[in-house]
Amino acid sequence: MFRKLFSSTLIITIFSSLAFAQQAPAPSVDKLREHVTYLASEKLEGRRTGTKGSDAAAKYIAGEYERLGLLPFPRNGKSANSYLQPFPFVVGVALGKGNSLSFGTSAPRVGEDWMPLGFSVNTRFENIPAVFVAYGITAADLNYDDYSRTSAADKVAIAFAAAPDDDNPHSRFARYRDPRWRAVAARNAGAKALFLIVRAANFNEAHLSRLHFDNSAGDAGIPVIAISRQTALKLLNLPSDAALADLESSVKPNANSAAPGVGSNADKVNPISAITLATSVVREIGPAHNVVGILEGSDPILKKEAIVIGAHYDHLGRGGEGSLAPKEGDVHHGADDNASGTAGLLELARIFTAHRPRRTIVFAAFSGEEEGLLGSNYYVTRPAVPLVNTIAMINMDMIGRMKENKLVIGGVGTAPEWRPIIEAANLLQGVTVSATGAPASTRNYPLVVASNGRAIVTSDSAKQFVITMNEDGFGPSDHSSFYAKQIPVLFFWTGTHDDYHKPSDTADKINYTDHARIVSVVAKIVREVDSTDKRPTYVATKTPAAGRSTGFRVYLGTIPNYSDSSDGLLLDGVREDSPAAKAGLQAGDRIVKLAGRDIRNVYDYTHALSEMKADNEYEVEVLRGITRLTLKLTPAARK
Ligand SMILES: [Zn+2]
């Protein structure tokens with residue numbers, strides 16, 4: 001006779017999982033190290049999406065799938081390539097044909113005297129007058145507006161590319177200096193185009209002189225070009241470099257006042273009255289691939305259902321966008337972020353192949369994560385198994401740096417089944433079964449006790465993780481894409497560290513022993529989900545108004561989609577009980593107008609947000625399918 005100390009479901013859980021555990025191999029510390037060491041090696045150059053390094057990583061992952069006998073992605077053939085799911089990705093931009101600028105007798109040359117920015121639209125206009133707008137910054141929260149003194153409507157706005165107080169990293173203008181933001185401000189002011197005067201005396205030394213694509217979100221809606229100081233002299237009808245420098249210093253607001261250019265020479269500037277411009281920027285579409293392998297379920301009926309196990313394999317290449325390194329150029333190894341999760345994925349593929357679950361398991365190594373969850377966002381539009389039959393998504397992102405047994409699991413609020421399953425899987429880590437009764441140990445506590453009082457099953461708490469469970473199903477990794485489609489998710493993470501998004505995130509710093517233990521717990525959780533016929537129940541999580549801070553005063557509760565877009569801001573979700581939810585906004589809506597501002601992309605949206613005040617009512621226009629709706633929205637104060 002057993003005496004039950006825990007609930008019977010827990011004991012059943014423990015035994016069913018134990019039985020599985022004994023039939024399948026355990027995660028291998030050596031194999032994890034091998035995978036991470038290769039993926040994070042110099043050779044792969046940081047695996048930036050769209051580069052050779054990321055192609056090599058994809059090939060490696062596909063090779064492992066093939067060796068394990070995983071099935072390829074349904075629509076593809078039977079080569080190793082067939083695991084690759086291509087998705088559209090802009091790797092860069094190039095100058096198209098027919099870029100030209102002219103005014104009066106001048107015709108500055110593209111590439112030498114001026115350059116369109118990567119997010120400029122392609123356009124052509126003739127004989128448009130210009131207006132000088134100092135820095136071209138509008139900052140509602142600073143009560144600062146370079147467009148307040150003069151109308152830029154239907155004109156070319158000419159501004160300094162620098163910002164006031166530019167050498168101060170804590171400048172109150174720092175948030176507004178991004179050319180993206182100034183493009184939004186110019187467009188909001190009705191300008192036809194924005195010309196930014198570079199700071200460097202030699203145009204080719206200016207950062208803006210190099211055509212650059214930021215890969216985040218759509219075009220600016222107007223042409224935006226960088227111009228040399230020599231070109232600026234002519235455009236502004238100034239006699240000398242010294243006059244331009246004088247102008248620049250005269251428009252700086254003084255330290256205490258936010259008022260733009262008061263008492264400055266700005267009003268004396270008399271720019272050229274007829275500018276002709278043609279811009280052409282061509283987007284270069286490059287290869288980007290998710291690597292998807294399928295392990296068909298062993299149960300003839302349940303195999304129609306799938307669990308997606310995912311990890312992104314891309315990283316930051318040699319720096320740039322997303323990097324926290326002081327300079328570009330060094331390989332960002334991305335051992336923890338996210339060679340660790342990718343290695344975990346490959347180990348789970350090996351473990352589950354040795355003992356197949358009843359349901360189909362889709363192994364998805366995502367790319368484009370660092371650029372804004374692009375790969376997983378694409379996957380959910382073309383899934384290997386239909387999303388209605390996808391019962392859960394398990395994501396591993398940065399699981400290699402466990403310290404003091406601490407593990408963070410996100411998405412726990414997305415299904416009521418998660419918490420007990422996680423707790424049981426964790427408990428199981430320290431479980432010992434002994435027919436003769438366990439040896440006495442202070443750390444061991446009995447789970448099942450025989451009628452003679454001897455502990456038959458004991459658990460050692462020191463072998464368990466200290467788990468922080470977060471409810472939210474949205475977050476800064478690929479599970480978010482699935483949760484947005486109403487799929488229960490779990491997200492495994494060992495926390496951030498000093499090497500995060502820096503070249504120093506290297507393979508030698510991974511804690512492989514605990515890495516393997518995490519993979520083992522993930523395996524137990526997947527087995528447990530698969531052990532019942534009932535699927536986890538999707539729940540919309542209620543989360544506080546925290547989330548990703550935009551630094552602004554108001555909170556709406558939207559989950560924006562970060563894919564490239566120029567036709568509005570697509571919402572992946574709306575938080576329960578948030579201002580956005582109360583306004584009637586829904587996942588899948590595309591915001592095209594907010595608080596009187598046209599919204600093409602996430603920059604426009606954030607800019608509009610910066611102008612809004614809590615507890616004031618605003619109109620928001622959305623496209624829902626083919627219907628255009630106008631809703632009333634009242635932002636809340638950010639706590
Ligand atoms: Zn990252």
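The values are calculated or read from the model by the stated rules, or taken from the named source; none is laboratory data. This structure is a prediction, so every number in the text was calculated from the model and none was measured. Ideal geometry is used to build each Cβ from the backbone, glycine not excepted, and the neighbour counts take in all protein chains shown. Please note that ligands, DNA and RNA were not included when accessible areas were found on the heavy atoms of the full protein model with its side chains. Shrake-Rupley method; radii C 1.70, N 1.55, O 1.52, S 1.80 Å.
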Practice problem: Give the distance, in whole Å, between the Cα centre of region 302-325 and the Cα centre of region 602-639. | Solution: 31 Å
Quiz item: Using 0.36 nm per residue, how much length does the chain from ALA26 to LYS304 gain when fully extended, once their Cα-Cα distance is taken away?
Solution: 97.4 nm
Quiz item: Around LEU447, which amide H atoms from residues at least 5 apart in sequence, or from another chain, sit under 5 Å from its own amide H, with H modelled in the peptide plane?
Solution: VAL457, THR458, SER459
Self-check item: Alpha-carbon Debye profile of region 549-618, log10 I(q)/I(0) at 0.16, 0.18 Å⁻¹
Solution: -0.49, -0.63
Exercise. Please find the FRET efficiency linking LYS43 to ALA201, where r is the Cβ-Cβ separation and R0 is fixed at 35 Å, and quote it to the nearest 0.05.
Key: 0.30
Quiz item: Seen from all sides and averaged, what is the projected area of the convex hull of the Cα atoms in region 146-250, in nm²?
Solution: 7.2 nm²
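Considering only the other residues whose Cβ falls under 9 Å of the Cβ of THR390, what net charge follows from Lys and Arg at +1 and Asp and Glu at -1?
Values: positive: LYS485; negative: GLU305.
Taking every other residue near THR390 into account, the sum is 0.
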Self-check item: Principal axis dimensions, the chain - Cα atoms, whole angstrom, descending
Solution: 100, 52, 47
Self-check item: Extended-chain gain in nm, criterion 0.36 nm per residue less alpha-carbon gap, ARG283 and HIS355
Solution: 21.3 nm
Quiz item: What GluC sites (Glu not before Pro) in region 310-387 are in a loop by DSSP, with at most 13 other Cβ atoms within 10 Å of the Cβ?
Solution: GLU328
Quiz prompt | Phi-based couplings in Hz for region 182-189 (Karplus 6.51, -1.76, 1.60; Gly and Pro marked x) | solution = 6, 5, 4, 4, 5, 5, 4, 7
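Which value in deg cm²/dmol, rounded to the nearest 500, describes the helix-derived mean residue ellipticity at 222 nm for the chain, given -39,500 (n - 2.57) per DSSP H run of n ≥ 4 and division by the residue count?
Values: 13 runs with 141 residues, N = 639.
The helix-only estimate for the chain comes to -6500 deg cm²/dmol at 222 nm.
How do 46-53, 617-624 rank on mean C-beta neighbours within 10 Å, highest first? Can you show the working numbers first?
Values: 46-53: 23.8, 617-624: 17.6.
Packing proxy ranking, top to bottom: 46-53, 617-624.
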Exercise. Normalising by the residue count of region 96-252, find the relative contact order in percent from Cα pairs under 8 Å and 6+ residues apart.
Key: 29 percent
Quiz prompt | region 311-376 pair-distance distribution - Cα-Cα, 5 Å bins, rounded % | solution = 4, 17, 21, 20, 15, 10, 6, 4, 3, 1
Quiz item: How far apart, in nm, are two points set 7 Å out from the Cα along the Cα-to-Cβ line at LYS613 and at ASN237?
Solution: 4.0 nm
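Contact order normalised by length for the chain, with contacts defined as Cα pairs under 8 Å and 6 or more residues apart; what percent is it?
On the way: 1473 pairs, mean separation 106.6, N = 639.
Taking the mean separation of contacting Cα pairs over the length of the chain, I get 17 percent.
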Quiz item: What is the distance in Å between the Cα centres of region 53-72 and region 165-225?
Solution: 41 Å
Practice problem: Calculate the length of the line joining the C-alpha centroid of region 361-407 to that of region 107-134, in whole Å. | Solution: 42 Å
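Calculate, for the chain, the solvent-accessible area per residue in square angstrom, rolling a 1.4 angstrom probe over the heavy atoms of the protein chains. Display every interim value, and only then the final one.
On the way: 26560 Å² over 639 residues.
Computed with neighbouring chains in place, this is 42 Å² per residue.
I'm a student and want to see the number: the projected area of the Cα convex hull of region 486-639, averaged over all directions, in nm². Write out the running numbers ahead of the final one.
Numbers: hull surface 50.4 nm².
Averaged projected hull area, Cα only: 12.6 nm².
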Quiz item: Please state the relative contact order of region 482-639 as a whole percent: Cα pairs under 8 Å, 6+ residues apart?
Solution: 20 percent
Quiz prompt | Antiparallel DSSP beta bridges within the chain, as percent of all bridges there, nearest 5 | solution = 65 percent
Quiz item: What pairs in LYS304/LYS534; LYS52/LYS485; LYS43/LYS502; LYS59/LYS303 have C-alpha atoms more than 21 Å from each other?
Solution: LYS52/LYS485; LYS59/LYS303
Self-check item: Cut-off under 5 Å, modelled amide H: who pairs with TYR144 long-range
Solution: ALA139
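Stretch VAL388-ASP167 to full length: gain in nm at 0.36 nm per residue minus the Cα-Cα span?
Details: separation 221, 0.36 × 221 = 79.56 nm, distance 5.31 nm.
Roughly 74.2 nm would be gained on extension.
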